[in-house]
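Q: For reference, the structure I am asking about is given below.
The values are calculated or read from the model by the stated rules, or taken from the named source; none is laboratory data. Quick caveat, the model's predicted, so the values are computed rather than measured. As a convention, Cβ positions derive from the backbone with ideal geometry for all residues, glycine included, and neighbour counts pool all protein chains shown.
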Amino acid sequence: MNRRYLTTPIYYATGDPHLGHAYTTVLADTLARYYRQTGAEVRFLTGTDEHGQKMQEAAAKRDMTPIELADQMAESFEAAWKDLNISFDRFLRTSEPEHIGVVSTVLERLWAKGQIYDDVYSGWYCVQEERYWTEREVGAEHLCPDCKRPVEFVEEKNYFFRMSDYQERLIQHIEDHPGWIVPGTRRNEILGFLKQPLQDLSISRPKSRLAWGVTLPFDPDHVCYVWVDALINYVTASGLLDPDSGPDQPGFTDQGNSWWPASLHIMGKDIITTHAVYWPTLLMAADLPLPKQILAHGWWIMEDEKMAKSVGNVVDPLALREDYGTDGVRWYLLRDMPTGSDASYTPERFHARYDELANVLGNLASRAISMIVKYRDGIIPEAAGDGLEADIASTLSAVTGHMDALRVHDAMATSMDLARTANGYVDRREPWSQAKDPSGAEDLDETLASLARVLAVLTALFLPVTPQKMTDLAGRLGLKSVPTLDQARSISLGGLRVEKGAPLFPRVDR
């Protein structure tokens, strides 16, 4: 069965979505739409991470309860993703009873297997990152290595997961599956991290300090560490575990009907360690299958700094959408960042990528449809339409290869090259001259049919990134829907009526 289970991280619900969140989510959505184009059954998960000390403190500053803030931010993220045309199948909130039940089930299983123990922890704690650091890591200035904020010294009872027991097994898995972590630079980072002894992981916080979280099933005075809670969301949404099962029961539903293991976890490179070390070792300990692949993409950079709420340099994707449209924003995100690498956001680069849409793809659609209306009364000729057949075949093959290798930016560049080639075909064939030649009717029919065919193929290629505009273009070509990739390989449009319309990507004054 061809099934794909794709996940984004669940986003921390203390601030509104920004361009970095949007990139991760649009990337996942583009892959989900591509897999649907290939005929796969897809489950696409996103959501909000709503527990932890940051949430508790952020809510207090706003004179709200944590659940009130969580409700507000979940609504904000869900609305943003709908505005950006994200085709998620499940929006999960970690405050949901189902998720809390699954977290408890996993913790009970680990506790029953002796994989969790209690001890006293003394060390440096960062509220912003919600994690402990060693004396060496915080240095003489006692600053968090990640966010550079001051840390505080704490000494308290914690529960620990025996993560160190799984170090060699994890290394072996990574070495046996070279494509498990992509790109290769992130795989090498994790293998480098694992050259040092792996420490056991603190998985709890005392309620005397943090009340907002999932209560440990074996100690009512402690809540689950927010990262453990958050990671388990992927299993919750898969339907694999029965949240009502106990430690002596398997807890599995019918695995044939569940979506686990995930086909692909997608996240920014800053949280690769939690996904490629914490998460797989927890799954190993719980006797659950590991995800099939992990993709850690780069950061959006603004003036040499990572784009982040804490830095104060975020770009609102919905503000860009107001001027350039949803598909304009989506195109920029997927076209400008090589998958896995960092990319710099500047207004100039955004404009250049949008102009590419307008001047290449939009211009091709406008001139081709206008000529069919002008020269053939809007009816696509019943001709072979194979004037660009070799280019179409090679493009479909290349795009499929790029997408299957998660090189989305290369797939979009290759698709745009086909549009450029088609514009060149117009210039070479000169249909305006063919229309003046009484003996050129068949040549003109072939030209127009070839242009209609390449436009139909382009709707299939661009659909994952620009779904609204490609659905619009397919309708203008007389199609009821955008063709699948298989349909695009042999599609014929002869006899269909085209319709002119406003520019697909209108010029924006700036």
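Q: Restricting attention to region 179-191, which residues are farther than 18 Å from P261 by Cβ and out of contact with any strand residue (DSSP E or B) (no Cβ under 8 Å at 6 or more places or on another chain)?
A: G184, T185, N188, E189, L191, listed by residue number.
Q: Sticking with this one: Just to check your reading of the model, which residue among L216, L194 is buried (at least 21 other Cβ atoms within 10 Å of the Cβ) and at pLDDT 95 or above? Walk me through how you get there before you give the answer.
A: Numbers: L194 fails: buried (at least 21 other Cβ atoms within 10 Å of the Cβ).
Testing whether each residue is buried (at least 21 other Cβ atoms within 10 Å of the Cβ) and at pLDDT 95 or above leaves just L216.
For every residue, the table says whether it meets (1) crowded, with 24+ Cβ neighbours inside 10 Å; (2) touching a residue at least 12 places away in the same chain (Cβ under 8 Å); (3) more than 14 Å from the chain's Cα centre (by Cα).
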site: Y12; (1), (2), (3): no, yes, yes
site: T24; (1), (2), (3): no, yes, no
site: R33; (1), (2), (3): no, yes, no
site: E68; (1), (2), (3): no, no, yes
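Q: Follow-up question, since we're still on this one. Among the residues that make up region 487-507, is at least one of them closer than 18 Å to V360 by Cα and part of a helix (DSSP H, G or I)?
A: Within region 487-507 (the criterion being closer than 18 Å to V360 by Cα and part of a helix (DSSP H, G or I)), the answer is no, since none of the residues qualifies.
Q: Still on this structure: Could you list, in sequence order, all residues of region 472-486 that are assigned to a helix (DSSP H, G or I) and buried (at least 16 other Cβ atoms within 10 Å of the Cβ)?
A: Once the filter is applied, which keeps residues that are assigned to a helix (DSSP H, G or I) and buried (at least 16 other Cβ atoms within 10 Å of the Cβ), region 472-486 yields D472, L473, A474, G475, R476, L485.
Q: Still on this structure, I have one more. Would it be correct to say that Y5 is modelled with pLDDT under 95 and either more than 30 Å from S202 (Cα to Cα) or not charged (D, E, K, R) (or both)?
A: No; evaluated as a whole, the condition is false for this residue.
Q: Do any helices (runs of 4 or more DSSP H) lying entirely in region 395-466 carry at least 3 residues that are in contact with a Gly (Cβ under 6 Å, 6 or more places away or on another chain), and which ones are they?
A: Because the criterion is at least 3 residues that are in contact with a Gly (Cβ under 6 Å, 6 or more places away or on another chain), the helices (runs of 4 or more DSSP H) in region 395-466 that meet it are 441-462.
Q: What are the pairs with Cβ atoms under 8 angstrom where one residue, in region 211-232, is within 18 Å of R93 (Cβ to Cβ) and the other, located anywhere, is among the acidic types (D, E) and assigned to a helix (DSSP H, G or I)? Sequence gap at least six, or different chains.
A: G213/D229; V214/D229
Q: Could you look through region 120-136, keep only residues that are farther than 15 Å from L201 by Cβ and not aliphatic (A, V, I, L, M), and pick out the one that is surrounded by the fewest Cβ atoms within 10 Å (Cβ to Cβ)?
A: Once the filter is applied, the top-ranked residue is R136.
Q: Looking at the structure I just gave you, is T94 in contact with a His (Cβ under 9 Å, 6 or more places away or on another chain), farther than 17 Å from I266 by Cα and touching a residue at least 24 places away in the same chain (Cβ under 8 Å)?
A: Details: in contact with a His (Cβ under 9 Å, 6 or more places away or on another chain): yes; farther than 17 Å from I266 by Cα: yes; touching a residue at least 24 places away in the same chain (Cβ under 8 Å): yes.
For T94, the condition - in contact with a His (Cβ under 9 Å, 6 or more places away or on another chain), farther than 17 Å from I266 by Cα and touching a residue at least 24 places away in the same chain (Cβ under 8 Å) - is met.
Q: Select, from R428, R407, the only residue that is basic (K, R), surrounded by 15 or more Cβ atoms within 10 Å (Cβ to Cβ) and out of contact with any helix residue (DSSP H, G or I) (no Cβ under 6 Å at 6 or more places or on another chain).
A: Numbers: R428 fails: surrounded by 15 or more Cβ atoms within 10 Å (Cβ to Cβ).
Result of the check over R428, R407: R407.
Q: Can you run down the residue pairs with Cβ atoms below 8 Å, 6 or more apart or on separate chains, where the first is in region 425-437 and under 17 Å from A449 (Cβ atoms) and the partner is assigned to a helix (DSSP H, G or I) and of a type in the set (F, W, Y)?
A: Going by the 8 Å Cβ cut-off, the qualifying pairs are P431/Y375; A435/Y375.
Q: Looking at (1) surrounded by fewer than 20 Cβ atoms within 10 Å (Cβ to Cβ); (2) touching a Leu at 6+ places or on another chain (Cβ under 9 Å); (3) at pLDDT 90 or above; (4) among the hydrophobic types (A, V, I, L, M, F, W, C), which is the only condition L318 fails?
A: Against the list (1) surrounded by fewer than 20 Cβ atoms within 10 Å (Cβ to Cβ); (2) touching a Leu at 6+ places or on another chain (Cβ under 9 Å); (3) at pLDDT 90 or above; (4) among the hydrophobic types (A, V, I, L, M, F, W, C), L318 comes up short only on (3).
Q: Within the group E50, E57, which residue is farther than 18 Å from L264 by Cα, buried (at least 24 other Cβ atoms within 10 Å of the Cβ) and of a type in the set (D, E)?
A: Only one candidate qualifies: E50.
Q: Determine if region 162-180 includes at least one residue that is part of a strand (DSSP E or B) and buried (at least 16 other Cβ atoms within 10 Å of the Cβ).
A: no
Q: Further question: Right, V454: in contact with a Phe, Trp or Tyr (Cβ under 6 Å, 6 or more places away or on another chain) and either closer than 25 Å to T30 by Cβ or modelled with pLDDT of 95 or more (or both) or not?
A: Against the criterion (in contact with a Phe, Trp or Tyr (Cβ under 6 Å, 6 or more places away or on another chain) and either closer than 25 Å to T30 by Cβ or modelled with pLDDT of 95 or more (or both)), V454 does not qualify.
Yes/no per residue for (1) under 28 Å from the mean Cα position of the chain (by Cα); (2) in contact (Cβ under 8 Å) with a residue 60 or more places away in the chain:
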{"position": "L364", "(1), (2)": "no, yes"}
{"position": "I379", "(1), (2)": "no, yes"}
{"position": "I392", "(1), (2)": "yes, yes"}
{"position": "S415", "(1), (2)": "yes, no"}
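Q: Answer with yes or no whether Y117 is modelled with pLDDT of 95 or more and either surrounded by fewer than 20 Cβ atoms within 10 Å (Cβ to Cβ) or part of a loop (DSSP other than H, G, I, E, B) (or both). Outline the logic, then answer.
A: Details: modelled with pLDDT of 95 or more: yes; either surrounded by fewer than 20 Cβ atoms within 10 Å (Cβ to Cβ) or part of a loop (DSSP other than H, G, I, E, B) (or both): yes.
In short, yes.
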